[in-house]
Amino acid sequence: MSDFKERAEALDSADTLAALRELFTLDDTVYLDGNSLGALPRHVPARMQDVIARQWGSLRIRSWDESGWWSAPERIGDRIAPLVGAAAGRIVVGDSTSVNVFKAVVAATRLAGDGRDEILVDATTFPTDGYIAGSAARMTGHRVVPVAPADVPAALGPRTAAVLLNHVDFRTGRLHDLPGLTAAVHEAGALAVWDLCHSAGALPVGLDAHGVDLAVGCTYKYLNGGPGSPAFLYVAERHQAAFDSPLPGWTSHADPFGMTPGYVPADGSVRGRVGTPDILSMLALEASLDVWEGVSVEAVRAKSLALTDFFLECVAAYVPEGRVTPVTPAAHAERGSQVSLRCEDADETEAVMSALIERGVVGDLRRPDVLRFGFTPLYVGFADAERAARILAEVLEV
Ligand SMILES: *Cc1c(COP(=O)(O)O)cnc(C)c1O
């Protein structure tokens, strides 16, 4: 056991990202739930105090212009862009991920054109994506075909309009092959829509490089934007001129203050906007993105893999045989930034997670039997991984 503690210490002192931890408000708990709600960067409360007291309190309506409120959705989109491999002008921030899934799926079917009547949907998707795609399909006269990501190439055909996939499986932490699947979708003449909720801020995505058509993602997980912070929508440059939003709100109009009865879409990412942006959440997200200044996603990915490798090793060494089984793939190419462990006795899952939280190790669970531990490399260290595994073993020993 002390061997792992020593290794954790050595790994932490060699960690080039270790100093970033100081940028966050943390306490003694080992916080392994940043894949659900990222931690608070320390400087955000003071920035929000300014937004509320000065921008809202003093400047009031003038802030739409003078404080840059109006252009915040595109400006913040451009700050997220390099984290997911997109050039400026392709991402707009606003609305929830669910709403952006709707925009993206409907827009994808419109871009795909007539004669294609199927939408393939990741059979293991986070539920909201499936619900929304189902409704979008009913509205547009398409049929949803649930397909496991690995089976997508075989399910593609001349009827496929669009394919909606999760980049990382929220339950198992499995990373899907975005470049390979996107290429297969294109070969069939369809559009690839990716949900990046569990990869944005955790690993390189390469949206432009891999020719992804449309993508959505949330900002309150690995991007630490705060509870309910607005999501983002990516539209590839080649699709922007034809992108036809199913929610053409007035803020996506070419001349929003012309207040004309006819809808004329704006150019570029603005076209993905709907109504008045939720400025307070949006500016909290903008402030929180400061922690990424000078941080490379490649370095974050390297640390993430080292952390999850180390945690898996500690779990294998500490936890009594036969109590938990990793469901997260061992292969790096197939692993996101979380480790999911299946409890062999499903009935004890909830009690195990409660006991962990009681002892200061915060993860979460997905019913019926999966314990989830998210590793956010900006503020989680190797000693945290060791401690989490040790306490898990203690909980399972009783
Ligand atoms: C977290 C998550 C969502 C959340 O959607 P909201 O509209 O923000 O509630 C959607 N899809 C995936 C894959 C997620 O992981």
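How big is the chain by the Kirkwood estimate over distinct Cα pairs, in Å? All intermediate terms of the calculation are to be shown ahead of the outcome.
Values: mean 1/r = 0.0455 Å⁻¹.
Taking the inverse mean of 1/r over all distinct Cα pairs, the chain comes out at 22.0 Å.
Please report Trp292, Trp250 as a ranked list, fewest other C-beta atoms within 10 angstrom at the top and most at the bottom.
Details: Trp292 20, Trp250 16.
So the residues, fewest neighbours to most, are Trp250, Trp292.
In the stretch 259-398, what percentage of the DSSP-assigned beta bridges are antiparallel, given to the nearest 5?
On the way: 11 of 11 bridges.
In the stretch 259-398, DSSP labels about 100 percent of beta bridges as antiparallel.
With the crude spin-label approximation of a point 7 Å out along Cα→Cβ, what separation in nm comes out for Thr276 versus Ala242?
Result for the modelled spin labels: 3.6 nm.
With +1 on the Cβ of every Lys and Arg and -1 on the Cβ of every Asp and Glu, and nothing else charged, how large is the dipole of the stretch 108-192 about its Cα centre, in debye rounded to the nearest 20? Walk me through the numbers before you get to the answer.
Working: 7 positive and 9 negative charges, 40 e Å.
With Lys and Arg at +1 and Asp and Glu at -1, about 200 debye.
What's the extension gain from Ala317 to Asp117 if we count 0.36 nm per residue and subtract their Cα-Cα distance?
This chain segment gains 66.9 nm when fully extended.
Give, in nm to one decimal, the length gained when the segment between Asp208 and Glu397 is fully stretched (0.36 nm per residue of separation minus the Cα-Cα distance). Write down the numbers at each step before the final one.
On the way: separation 189, 0.36 × 189 = 68.04 nm, distance 4.83 nm.
Full-extension gain reported as 63.2 nm.
Of Cys197, Cys218, how do they rank once you tally other Cβ atoms within 10 Å and put the fewest first?
Numbers: Cys197 27, Cys218 24.
Going from least to most buried by this count: Cys218, Cys197.
Please give me the summed charge of the neighbours of Ala150: other residues whose Cβ is under 13 Å from its Cβ, Lys and Arg +1, Asp and Glu -1. Could the numbers behind the result be given before it?
On the way: positive: Arg174; negative: Asp122, Asp151, Asp169, Asp177, Glu334.
Residues near Ala150 contribute -4 overall.
For His210, His253, what ranking results if the residue with the fewest other Cβ atoms within 10 Å of its Cβ goes first? Intermediate results must be reported in sequence, preceding the final value.
Numbers: His210 17, His253 20.
Least crowded to most crowded, the residues run His210, His253.
Nearest 5 is fine: what % of DSSP beta bridges in the stretch 47-292 come out antiparallel, could you say?
35
Which residues' amide hydrogens lie under 5 Å from the amide hydrogen of Val30, considering only partners 5 or more residues apart or on another chain, with H built in the peptide plane?
Here the answer is Val361, Val362, since their amide H atoms fall under 5 Å of that of Val30.
Which one, Thr29, Gln338, Tyr220, projects farthest toward the positive side of the charge dipole computed for the chain from Cβ point charges (K/R +1, D/E -1)?
Tyr220
Counting alpha carbon pairs within less than 8 Å and at least 6 residues apart, what relative contact order, in whole percent, applies to the chain?
On the way: 797 pairs, mean separation 90.8, N = 398.
Across the chain, relative contact order equals 23 percent.
Can you give me the distance in nm between label points at Thr29 and Ala154, each placed 7 Å from the Cα along the Cα-to-Cβ direction?
Inter-label distance under the simple model: 4.3 nm.
With a sphere of radius 12 Å drawn around the Cβ of Ser354, what net charge do the other residues whose Cβ falls strictly inside it have (Lys, Arg +1; Asp, Glu -1)? List each step's numbers first, then the result.
Working: positive: Arg359; negative: Glu348, Glu350, Glu358, Asp364.
That works out to -3.
So, how do all the Cα-to-Cα distances of the stretch 235-348 break down into 5 Å bins, in percent, from 0 on up?
Each 5 Å bin holds this share of Cα pairs: 2, 9, 12, 10, 10, 10, 10, 10, 9, 7, 6, 3, 1, 0.
Can you tell me how much longer the chain between Glu293 and Arg60 gets when fully stretched, taken as 0.36 nm per residue apart minus their C-alpha distance, in nm with one decimal?
On the way: separation 233, 0.36 × 233 = 83.88 nm, distance 2.96 nm.
Between Glu293 and Arg60, full extension yields 80.9 nm more.
Using helices alone, what [θ] at 222 nm do you get for the chain, with -39,500 (n - 2.57) per DSSP H run of 4 or more residues, divided over all residues and rounded to the nearest 500?
On the way: 13 runs with 139 residues, N = 398.
After summing the helix terms and dividing by residue count, I get -10500 deg cm²/dmol.
Give, as a single signed number, the net charge of other residues whose beta carbon lies under 12 Å from the beta carbon of Thr29, with Lys and Arg counted +1 and Asp and Glu -1. Intermediate values should be presented prior to the final figure.
On the way: positive: Arg359, Arg387; negative: Asp27, Asp28, Asp33, Glu358, Asp384.
It works out to a net charge of -3.
Under the rule of at least 5 residues apart or a separate chain, name every residue whose amide H is placed under 5 Å from the amide H of Val324.
Glu344
Treat each spin label as a single point 7 Å out from the Cα along the C-beta direction, and report the Met139 to Arg47 distance in nm.
Each label point is offset 7 Å from its Cα along the Cβ direction, giving 3.3 nm.
Taken together, the values in this text are just the output of simple stated rules run on the coordinates, not laboratory data. Because the structure is predicted, anything quoted here is derived from the model rather than measured. For neighbour counting, all protein chains shown are included, and Cβ atoms are generated from backbone atoms with ideal geometry for every residue, glycine included.
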